[in-house]
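Enquirer: The structure under discussion is supplied below as structure tokens; questions concerning it will follow.
The values are calculated or read from the model by the stated rules, or taken from the named source; none is laboratory data. These figures come from a predicted structure and were not determined experimentally. Cβ atoms come from the backbone with ideal geometry, glycine included; neighbour counts cover every protein chain shown.
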Amino acid sequence: MGFPSKEYRGNKRSRQRTRSPPCKTIGVGFILRFFKDYFINSSLHGLRYIAEDGRHWTERCIWIALCSIAVAGALYTSSNIWNRYQTSPTMTVLQSTNFPIENLPFPAITICNLHHVRWDKAILFQEKYLSDADNLTVDAFFRLVSALSVVNFGDFDMIGTYFGNSTEDAERLADLNITFLMMEVISSCDELFVEQCWWRNLDYDCCSLFELQKTEYGFCYSFNSETSQYRRPRRGVPQEKCREGDQHCNQNKCSDDDPGCKKADIRPRRTSTAGMWSGLRTKVQTFPQHTPPLSAGENAAGILVFVTSPYDLPLLGTDVTSGSTAQVSLSAQVTYTTPQVHDLCTERRGCIYENETEALGFPYRHGNCIAQCHRHSTYLYCNCTPYFFPTEGILSVCDVSGLMCLSESNDVYNYEKPEKDNPFFDDGQQGMVCKCQADCDRIEYTSEFYVTQGGLSGAEDQVLLDIHFKHPTVVLYRTDVVFGWLDLTVSLGGVAGLFIGFSLLSGVELIYYLTFRLYGLWRAERRSKIAPKLKTKQPSHQNVFRSRKLHDMHKSLQKIQRVHPHQCY
């Protein structure tokens, strides 16, 4: 077996030497050269003095320290600006003290009789529906009616006071529908309002203005409320059409070509003037002669008046006794938010818009959320809800046994406590925890009652109400962001420019250096390492020329020998 010739071995070594060397990792020297190139050419303040040639090492150290202090100062100031942006996102300022009342709705006026039951109607109900009942059942029924006459949210203990906690009595009245009972024994609209109502300089039939309203005080009647029973559309009834006599349908929209459709005022109603006789004026019957005898001493004869936003359920009212004249002067504070506030998340702005969620089936309002929390608490403890809460068709209404359960847990409904870890409240005491945020856009009405006792001669069983705006203008507030994204960008950019000379183009410059410039330097570094090796392995131009010349001379000599084979050369 022979060995490869020297010529073959030489050619093999030549082929091995001409291969490209493998790619090596970037060394420390390359990284230092890259940073030096960036420091010298960067637009940031002070960096070029660190990397320039000919600088003394003490001068470099001074500039390193100064640049470090500038960066630390920029970070500290930017952190304070960011904290301010996070912790104080909004601010409410006074915009106007002369906002016309014609630009806001007239408040909802809800009127309740202090006694929810008319005794004469309770007797008629017993004669009609419990005529065959025994004496014990009839006695239990009238005791229950007396209790329901004064039961409000938080006063469920009246059930125990008048009805007792007898399970036998509860069994006797187990089939009694409480909602149906209360609808039968309250005063009707025609009975409650004895005369026509005055609204915006015109007389109206009161029952065309007032609608049945559920409140925490039972069934009442409300004016200009968007939460009344008749304002809640029924399932399957188109909201834009209202047939004559259909009181459950929304009466906002009607077409002109529909003869069966009736038009009503655009809701919610408004007024443009202030002072007496400029708003709502009505006379209410109190029926003191029909007060249940067992509960007659609990409340004096009179009415309860609520003044709320048209979109809120009534929560807190004012008593007006029979035989009185009440002048109710209204004022309001209107608060609206800018679109920049709407763009913030709920946690940062600390409020909720009405279109973001619902409460009790109505658009979100703080008052509706509180009422929903109250309803949830009753359902949590007794697995039912009182008749005066909207059930939305999914919750069961408390029967007599459920009312007895509410009576036993009444202390819970009188204690509304904040969330845990509040040192001023006892976490061990049972109560309601209502997590309800404020309304972003809101109208807060304030009412001043001026009651004159005995102002109605010969009408001691009536109350005269005159409800009107006190002034033709109200106060308008605007809620806006303290620091928007634009303000934050300008502030941070100003700090960065002040301390280190950083700008938007400086950021683009940094990205350029970390991408295109870094790749270009790496290619140049790699090329500079490969080129010297390839130069030593390739023959020079002169040697190639000589080799080709000798080859041509050899070919010419061979041709001459073929022509003159006997000559020597």
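Enquirer: Scan segment 159-177 and give yes if some residue there is among the aromatic types (Phe, Trp, Tyr) and under 43 Å from the mean Cα position of the chain (by Cα), otherwise no.
Expert: No: segment 159-177 contains no residue that is among the aromatic types (Phe, Trp, Tyr) and under 43 Å from the mean Cα position of the chain (by Cα).
Enquirer: Residue by residue through segment 193-207, note down the ones that are out of contact with any helix residue (DSSP H, G or I) (no Cβ under 8 Å at 6 or more places or on another chain) and either in a strand (DSSP E or B) or surrounded by 15 or more Cβ atoms within 10 Å (Cβ to Cβ) (or both).
Expert: Trp198, Arg200, Leu202, Asp203, Tyr204
Enquirer: Same structure again: Considering each residue of segment 400-455, count those that are at pLDDT 90 or above, of a type in the set (A, V, I, L, M) and out of contact with any strand residue (DSSP E or B) (no Cβ under 6 Å at 6 or more places or on another chain), and give that number.
Expert: The number of residues fulfilling the criteria is 5.
Enquirer: Kindly list the number of the only condition in (1) out of contact with any Cys (no Cβ under 6 Å at 6 or more places or on another chain); (2) surrounded by fewer than 16 Cβ atoms within 10 Å (Cβ to Cβ); (3) among the small types (Gly, Ala, Ser) that fails for Ala438.
Expert: (1)
Enquirer: Are any residues in segment 116-151 modelled with pLDDT of 90 or more, closer than 23 Å to Ala300 by Cα and touching an Asp or Glu at 6+ places or on another chain (Cβ under 7 Å), and if so, which ones?
Expert: Lys121, the sole residue that qualifies.
Enquirer: Name the residue that is modelled with the highest pLDDT, counting only residues in segment 456-467 that are more than 12 Å from Val305 (Cβ to Cβ) and among the charged types (D, E, K, R).
Expert: Taking the candidates together, the pick is Asp461.
Enquirer: Sort out which residues of segment 136-192 are of a type in the set (Asp, Glu) and surrounded by fewer than 16 Cβ atoms within 10 Å (Cβ to Cβ), and write them in order of number. Break it down stepwise before answering.
Expert: Kept after step one, since they are of a type in the set (Asp, Glu), are these residues of segment 136-192: 139, 155, 157, 168-169, 171, 175, 184, 190-191.
Correct list: Asp139, Glu168, Glu171, Asp175, Asp190, Glu191.
Enquirer: Further question: Which one is farthest from Ser187 (Cα to Cα) among residues in segment 125-152 that are without any contact (Cβ under 8 Å) to a residue 24 or more places away in the chain and assigned to a helix (DSSP H, G or I)?
Expert: Among those residues, the one meeting the criterion is Asn135.
Enquirer: Of all residues in segment 401-435, how many are over 30 Å from Gly160 (Cβ atoms) and either surrounded by 13 or more Cβ atoms within 10 Å (Cβ to Cβ) or touching a Pro at 6+ places or on another chain (Cβ under 7 Å) (or both)?
Expert: 0
Enquirer: Could you check, for segment 410-427, whether at least one of its residues is touching a residue at least 24 places away in the same chain (Cβ under 8 Å), among the aromatic types (Phe, Trp, Tyr), within 30 Å of Leu66 (Cα to Cα) and not in a strand (DSSP E or B)?
Expert: No.
Enquirer: Also, I was wondering about something else. So, of the residues in segment 405-419 that are over 12 Å from Ser377 (Cβ atoms) and of a type in the set (D, E, K, R), which turns out to be farthest from the chain's Cα centre (by Cα)?
Expert: Ranking the qualifying residues of segment 405-419, first place goes to Glu408.
For (1) among the acidic types (Asp, Glu); (2) surrounded by 11 or more Cβ atoms within 10 Å (Cβ to Cβ); (3) modelled with pLDDT of 75 or more; (4) part of a helix (DSSP H, G or I), each residue gets a yes or a no:
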site	(1), (2), (3), (4)
Lys36	no, yes, yes, yes
Gly54	no, no, yes, no
Ile62	no, yes, yes, yes
Gly73	no, yes, yes, yes
Tyr76	no, yes, yes, yes
Glu102	yes, yes, yes, yes
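Enquirer: Right, something else. Kindly state which helices (runs of 4 or more DSSP H) lie completely within segment 479-569 and contain at least 2 residues that are modelled with pLDDT under 75.
Expert: It comes to 518-537, 541-563.
Enquirer: Here's another thing I want to ask about it. Could you say which residue among Ile31, Ile40 is modelled with pLDDT of 75 or more and farther than 15 Å from Tyr519 by Cα? Before you say what the answer is, go through the steps one by one.
Expert: Values: Ile31 fails: farther than 15 Å from Tyr519 by Cα.
Unique residue meeting the criteria: Ile40.
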